[in-house]
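S.K.: Take this structure first; my questions come after.
The values are calculated or read from the model by the stated rules, or taken from the named source; none is laboratory data. None of these values were measured; they are calculated from a predicted model. Here the Cβ positions follow ideal geometry from the backbone for every residue, glycine too, while neighbour counts run over all protein chains shown.
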Amino acid sequence: MFAELYGKQTGVCKGKAGSMHLCAPQVGMFGSSAVVGTIIPHALGVAYASKLKRDGSVTTSVSGDGSTEEGVFHECMNLASLKDLPVLFLIENNGLAIHALLKERQSYSLKDLTHAFRISYTEIENGYDIEGVLETTSGILEKIRKTSRPAVLEIQTYRSFEHVGVRTDFHTGYRNSDEYAPWKERDPLFLKEEWVEKFKGPIQAEIYEAVQFAEQSPFPTQAELLKDVY
Amino acid sequence: MELTYREAIRQSMKEGLSKNPKTLIYGLGVTDHTGIFGTTLELAQEFGNERVFNTPIAEDSMAGFGVGISLGGYYPIHIHIRNDFLLLTMNQLINSVAKYKSMYGGLFEVPMLIRAVIGRSWGQGGQHSQSIQSLLAHIPGLTVIMPSSAGSVLRTYDYVINQYRAPVISLEHRILYDYSFKVPGHEADVPGNPLDSFVVRKGKHATIIAVSVMVQEAQRAAEYVKEHENLDVEIIDLHSMTHPREDLILESVRKTGKLIVADTSWESFGVCSEVARIVATRDPGALEAPITSISMAKTTCPTSKALEKFFYPNTADLVNAIYRLHFGKENHGRELPSESWMNKNYKEFKGPF
C-alpha cells in the first residue's frame, strides 16, 4: 500500500493507481474511484454475479454523504431493491464534500430516501465507537445474507483534517473548530489507552517496515507505461 | 449461405449464451416482443430471465453494473437501442471501463460487449441518429468496432465474446439490419485478427476507406463507376476504429494515390480525421490529391424528411468524389447516379421504430 502511495513498481497497482485508486483484491476490495459514486453500481454487478453463483456473499459499497446526491446512487437503490441484490450501501457521513457543508447540498433525509426505495435504513451516530460499529455492521451483513435484500448503513463520523493533505483547515473559516471537540473526546486513539498500549508497538513496526519497503523499491520504468492497455 | 445482418446478430447472441454459460444479455427492451429489432427475440424464454433481462431507464448505473458483472466472472452484453443513449454512460465507460485494467496495474480485466444501434431515416431527429464512434475511439482502453456485414458480425462477435479480454463497443447501423449478405463474406478472406480492417474490393483508381453502412454505399458507387467509366475503386472496411490496419490503409493509398474516407458521422475529429492523421503522419507523399471526406452535414440531424436527405451523404456524393479525384477537376462533366437509381438500390428504413 505504501509502495503504491510512493508510486513505486512494487505498489499494489505498480504505482499506476496511487492514493485515489487503491484496491486490495486479496481481501476482496475492488478498484476505488476518485469520481464520487462511480463504484456504487459496480457493487450491484458483483452482487448480481454472486447471486447467480449462489455463493452467499454480500457486496459492500463504501461511499460518502456526497455520493447520495449523485443520480447514480438513486439508480442503484432502485435497481438493488428491484432485483433483491445482497448489497450494503455503507455511507460514511462526515458532513463535508471537500468544503461544502451538508445543508448546502441536500434537501432530503437519507433515511426517507432509503425508505422510498423500500430499503432498510440503519444509522450509527457514533462512528468512532469501533466495537459498536463492528457489532451493528455484522448484524446487518448477516441480515442481508439471509434475506438477499439490500440495506443502507449510515455512519456519522468526522473529518478532522483537510480534504487532501496532512493539516487541519479550521483557520480557513468554512467550519468551526468547536465541532471537533466532542469527536476528539470519543476518539478511541485517546479513549482506549489499553488498546493503544497493546497495539501501538506492533502497528508502528508494521508501518515502519512498509515505509522502508516503499522507500527502497524502484520506480516503474518507461517500459511499464504502455503495459496493460489493449 | 445468405443471412441478414439482423439474423447474424441474433445468432451471435444465442451462441454467446449457449457456448458460454457466463454470458448475460440486458438492456432497455431486450425482452419485449420487438427484441431489439429482432436480435434478442425469445432469448429470455430459452435461457431464463436471470441471464436475459430488461432494465430500468438507468443507463449510467447499468453501465457500472456491467463492470461489476465482469469483475464477478460473468460476461455482460449490454444493449442500447440507440447509441445516443451511450452518452448517459460516459462516466462509467471512460472513467471506469476503459481504465479498469491499466489504472489498477493489470490486476483486473473487465471484458464486456456493449451493442448500440445507429439510427437513421424516417425522422430519427437529432438524438436518435448520432454515430459516436469517434468520441469512444479516442479513449485508450476501449475497443470500438462497426461490423458492416452479417459475416463480420458472426466472426467478430464470436471472437469478442469468447476470446477477447477487453471491453468492446459495437455500433450497428439500423439500415444494415434488413440487408441480406452472403456468408462468409470478405471478412473471411484475410485470416488473423477478427478486429482487423480488410479489403472488400480490389482496385487501382482510388481508395475508399469506409465504415458500417458506408461500406455498402462505397460498393454501390464502385459498381456505378465501373459500369459507366470502367474505373476500379479499392474499398477497405475499416471495421475496428481503435485497432485499424494502418499498413493496409497505407498500402492502398500508395497504390492509388487518391483517398476518400466515408464515415457515418460528422467530419471534424472523426474517422476521416483519424485516417488522414495516419496517412499524413506516416506517408503524406503517397497522396496525389487532397483527401475527400464523406460525412454527415455539420449540423444537428433534422427530423423533416425534406431536410434529412441533405443531411446524409449518398451514392451520388461518393461517385462525384471518385470522378473529381480521377478526372482531376470539380466539373468533370460525368453523369451522377439519379434519384431513382439510388432509391432502387437503397433499402430505406420504413420506420418508425
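S.K.: Pick from B:G48, B:G29: which is surrounded by fewer than 23 Cβ atoms within 10 Å (Cβ to Cβ), more than 7 Å from chain A (Cβ to nearest Cβ) and under 25 Å from B:I175 (Cβ atoms)?
M.R.: Numbers: B:G48 fails: under 25 Å from B:I175 (Cβ atoms).
When all the criteria are applied, what remains is B:G29.
S.K.: If B:G68 passes every condition in (1) within 14 Å of chain A (Cβ to nearest Cβ); (2) within 30 Å of B:A262 (Cβ to Cβ) but one, which one does it miss?
M.R.: The number of the failed condition is (2).
S.K.: Can you find a residue in region A:182-200 that is basic (K, R), away from chain B (no Cβ under 14 Å) and surrounded by 15 or more Cβ atoms within 10 Å (Cβ to Cβ)?
M.R.: Here is the first cut: in region A:182-200, the ones basic (K, R) are A:184, A:186, A:192, A:198, A:200.
If we keep only those that are away from chain B (no Cβ under 14 Å) too, we end up with A:184, A:186, A:192, A:198, A:200.
From what's left, surrounded by 15 or more Cβ atoms within 10 Å (Cβ to Cβ): none.
No, every residue in region A:182-200 fails to be basic (K, R), away from chain B (no Cβ under 14 Å) and surrounded by 15 or more Cβ atoms within 10 Å (Cβ to Cβ).
S.K.: What are the residues in region B:244-254 that are touching a helix residue (DSSP H, G or I) at 6+ places or on another chain (Cβ under 8 Å) and not in a loop (DSSP other than H, G, I, E, B), if any? Before the answer, list the steps.
M.R.: From region B:244-254, those touching a helix residue (DSSP H, G or I) at 6+ places or on another chain (Cβ under 8 Å) are B:244, B:246, B:249-250, B:253-254; that's our starting set.
Scanning region B:244-254 gives B:E246, B:I249, B:L250, B:V253, B:R254.
S.K.: Has region A:6-22 got at least one residue that is buried (at least 23 other Cβ atoms within 10 Å of the Cβ), among the aliphatic types (A, V, I, L, M) and within 10 Å of chain B (Cβ to nearest Cβ)?
M.R.: Checked against the condition, which is being buried (at least 23 other Cβ atoms within 10 Å of the Cβ), among the aliphatic types (A, V, I, L, M) and within 10 Å of chain B (Cβ to nearest Cβ), region A:6-22 yields at least one hit.
S.K.: Quick check on A:V72: is it more than 9 Å from chain B (Cβ to nearest Cβ), surrounded by 17 or more Cβ atoms within 10 Å (Cβ to Cβ) and closer than 30 Å to B:G48 by Cβ?
M.R.: Numbers: more than 9 Å from chain B (Cβ to nearest Cβ): no; surrounded by 17 or more Cβ atoms within 10 Å (Cβ to Cβ): yes; closer than 30 Å to B:G48 by Cβ: yes.
No.
S.K.: Given (1) under 30 Å from B:P21 (Cα atoms); (2) assigned to a loop (DSSP other than H, G, I, E, B), identify the lone condition not met by A:V35.
M.R.: For A:V35, the failing item is (1).
S.K.: Consider region B:51-78. How many of its residues are surrounded by fewer than 24 Cβ atoms within 10 Å (Cβ to Cβ) and either farther than 19 Å from A:K53 by Cα or modelled with pLDDT under 95 (or both)?
M.R.: Residues flagged as surrounded by fewer than 24 Cβ atoms within 10 Å (Cβ to Cβ) and either farther than 19 Å from A:K53 by Cα or modelled with pLDDT under 95 (or both) within region B:51-78 amount to 7.
S.K.: Related question: Which one of the conditions (1) part of a helix (DSSP H, G or I); (2) touching a strand residue (DSSP E or B) at 6+ places or on another chain (Cβ under 6 Å) does B:K101 fail to meet, given that it meets all the rest?
M.R.: (2)
S.K.: Are there any helices (runs of 4 or more DSSP H) wholly within region A:124-230 with 3 or more residues that are aliphatic (A, V, I, L, M) and out of contact with any Lys or Arg (no Cβ under 8 Å at 6 or more places or on another chain), and if so which?
M.R.: Working: elements: A:130-147, A:180-186, A:188-191, A:193-216.
The helices (runs of 4 or more DSSP H) meeting that bar are A:130-147, A:193-216.
S.K.: Could you tell me whether A:A47 is over 20 Å from A:S109 (Cβ atoms), hydrophobic (A, V, I, L, M, F, W, C), in a loop (DSSP other than H, G, I, E, B) and within 11 Å of chain B (Cβ to nearest Cβ)? Working first, answer last.
M.R.: Values: over 20 Å from A:S109 (Cβ atoms): yes; hydrophobic (A, V, I, L, M, F, W, C): yes; in a loop (DSSP other than H, G, I, E, B): no; within 11 Å of chain B (Cβ to nearest Cβ): yes.
So A:A47 fails the test.
S.K.: Here's a follow-up. Within the group B:I118, B:I145, B:I132, B:I114, which residue is more than 11 Å from chain A (Cβ to nearest Cβ), more than 12 Å from the chain's Cα centre (by Cα), modelled with pLDDT of 95 or more and closer than 29 Å to B:V183 by Cα? Walk me through how you get there before you give the answer.
M.R.: Numbers: B:I118 fails: more than 12 Å from the chain's Cα centre (by Cα); B:I145 fails: more than 12 Å from the chain's Cα centre (by Cα); B:I132 fails: more than 12 Å from the chain's Cα centre (by Cα).
The match here is B:I114.
S.K.: Picking from A:R167, A:R145, which residue would you name as being farther than 30 Å from A:R118 by Cβ and either at pLDDT below 95 or surrounded by fewer than 14 Cβ atoms within 10 Å (Cβ to Cβ) (or both)? Before the answer, list the steps.
M.R.: Numbers: A:R145 fails: farther than 30 Å from A:R118 by Cβ.
Within the list A:R167, A:R145, the selection yields A:R167.
S.K.: If I go through region A:79-110 residue by residue, how many of them are within 15 Å of A:P150 (Cβ to Cβ) and surrounded by fewer than 17 Cβ atoms within 10 Å (Cβ to Cβ)? Before you say what the answer is, go through the steps one by one.
M.R.: If we filter region A:79-110 for residues that are within 15 Å of A:P150 (Cβ to Cβ), which is where we start, we get A:79-91, A:110.
Narrowing the set further to residues that are surrounded by fewer than 17 Cβ atoms within 10 Å (Cβ to Cβ) leaves A:82, A:84.
Here the count works out to 2.
S.K.: Taking the criterion of being surrounded by 21 or more Cβ atoms within 10 Å (Cβ to Cβ), closer than 30 Å to A:L101 by Cβ and facing another protein chain (nearest Cβ under 7 Å), would at least one residue in region A:54-69 satisfy it?
M.R.: Scanning region A:54-69 turns up no residue that is surrounded by 21 or more Cβ atoms within 10 Å (Cβ to Cβ), closer than 30 Å to A:L101 by Cβ and facing another protein chain (nearest Cβ under 7 Å).
S.K.: Determine whether region B:257-266 contains at least one residue that is among the aromatic types (F, W, Y) and in a helix (DSSP H, G or I). Even if it seems obvious, please write down each step before you answer.
M.R.: If we filter region B:257-266 for residues that are among the aromatic types (F, W, Y), which is where we start, we get B:266.
This time we only want the ones that are in a helix (DSSP H, G or I), so: none.
No, every residue in region B:257-266 fails to be among the aromatic types (F, W, Y) and in a helix (DSSP H, G or I).
S.K.: Identify the residue in region B:79-101 that is surrounded by 21 or more Cβ atoms within 10 Å (Cβ to Cβ) and more than 22 Å from the chain's Cα centre (by Cα) and, among all such residues, is farthest from the other protein chains (Cβ to nearest Cβ).
M.R.: B:K99
S.K.: Only one of A:T136, A:T157, A:T122 is among the β-branched types (V, I, T), free of Cβ contacts under 8 Å to residues at least 40 places away in the same chain and out of contact with any helix residue (DSSP H, G or I) (no Cβ under 7 Å at 6 or more places or on another chain). Can you tell me which? Explain how you work it out, then say what you get.
M.R.: Working: A:T157 fails: free of Cβ contacts under 8 Å to residues at least 40 places away in the same chain; A:T122 fails: out of contact with any helix residue (DSSP H, G or I) (no Cβ under 7 Å at 6 or more places or on another chain).
Answer to the check: A:T136.
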